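Below is one structure, written out as structure tokens; comments come after it.
Read the figures in this text as sums done on the coordinates, not as results from a lab. Note that this is a predicted model, so its numbers are computed, not measured. Note that each Cβ is placed from the backbone with ideal geometry, even for glycine, and that neighbours are counted across all protein chains shown.
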Amino acid sequence: MPRLTRRAFVAGASAATVLSTGARAGSPAAPAGRRPKLSCNLYSFDDPLRSGAMTLAQVLELCAELGFEAVDPTGYYFTGYPLPPADAYVHEIRRLAFSLGLAISGTGIRNDFTLTDAARRDGELQRAVTWFAVASKLGAPVLRVFDGRAEAGDQPREQLTNWVVEGFARCAELGARHGVITAFQNHDEHLKTAAEVLAVRERVASKWFGLNVDIGSLRTTADPYEEIACLAPYACTWQIKEQVYRKGVAEKTDLRRIAAILRDTRYRGYLPLETLGPGDAREKVRRWLGEVQEAL
């Protein structure tokens, strides 16, 4: 499958080429004039959700009040994770979101396909299998997964990558049975650069596998926006964070540049926003949503 090179993208590939490449990669695209739909990645409320200061229902109500069009509730916030929640609970969250006018843009799990023990890697895959079913019941079109922390320093890097590819390929196959796309979230773990991510994407080669472009996790590059632009045509969802990194140093996200990349790739799917760090989650999310709305 052809992919967009950095030079071609930065030089400005034709709109027809960009649209065609994005569509084959599973990117939601549409005629110019329509903007992406804003979602809230509920990791923004990690502290209040884990501490019990807010319930998942309360967070959904707040997101609707703030004006989000969708939410992305990670599996961590469902009762009993990593075990699947009861169907009645999943159905109630789906019903509540619908009643509030919110779509479910996705959900996610924590997994590690770089574990050296084959039985443990199989356990990670089985967790994904379980949560594809949950995602389907929830009405989530994508399930976010990770590559892995690559903590086994004695293993060749190529071997770790092979295990990741194998895990993603199986996820894509199994997710398709539930009508759920596997969305790989780059997370500055085993795979760190756009080139590494795209090489794995090509090896998986499934229409049920796409990228969750996490703009805050491309940390080794001298130009994070160039890396983001390389991944953008293959995005099936995003994480728009307040900071990007330039050679490991954090800086405030230039939302005008992100908006330009979204326009160039004609992305019209869900655009989940995520805030991190200390402070009142309610106010941080409110402020970040306003800034993104203005930039778009």
Point to revise | Cα-based reach from Lys284 at 19 Å (exclusive), listing aspartates and glutamates while leaving out same-chain residues under 8 positions away | key: Asp46, Asp47, Glu61, Glu65, Glu69, Asp72, Asp214, Glu242, Glu251, Asp254, Glu274, Glu294
Review point. So, with +1 on the Cβ of K and R and -1 on the Cβ of D and E, and no other charges, what is the size of the charge dipole of the chain about its Cα centre, to the nearest 20 debye?
Key: 880 debye
Exercise for review: Whole Å is fine, so just give me how far the alpha carbon centre of the stretch 183-235 lies from that of the stretch 63-119.
Suggested key: 22 Å
Practice item. Any lysines with Cα under 24 Å of the Lys192 Cα? List them, leaving off those in the same chain fewer than 8 positions away. Key: Lys207, Lys241, Lys247, Lys252
Study note, to complete from the structure: For the chain, averaging the sequence separation of alpha carbon pairs under 8 Å that lie six or more residues apart and dividing by its residue count, the contact order in percent is 23 percent
Review point. Just one of (1) 18.7; (2) 19.3; (3) 20.9 is Kirkwood radius over Cα pairs in Å as worked out from the coordinates here. Which one is it?
Key: (2)
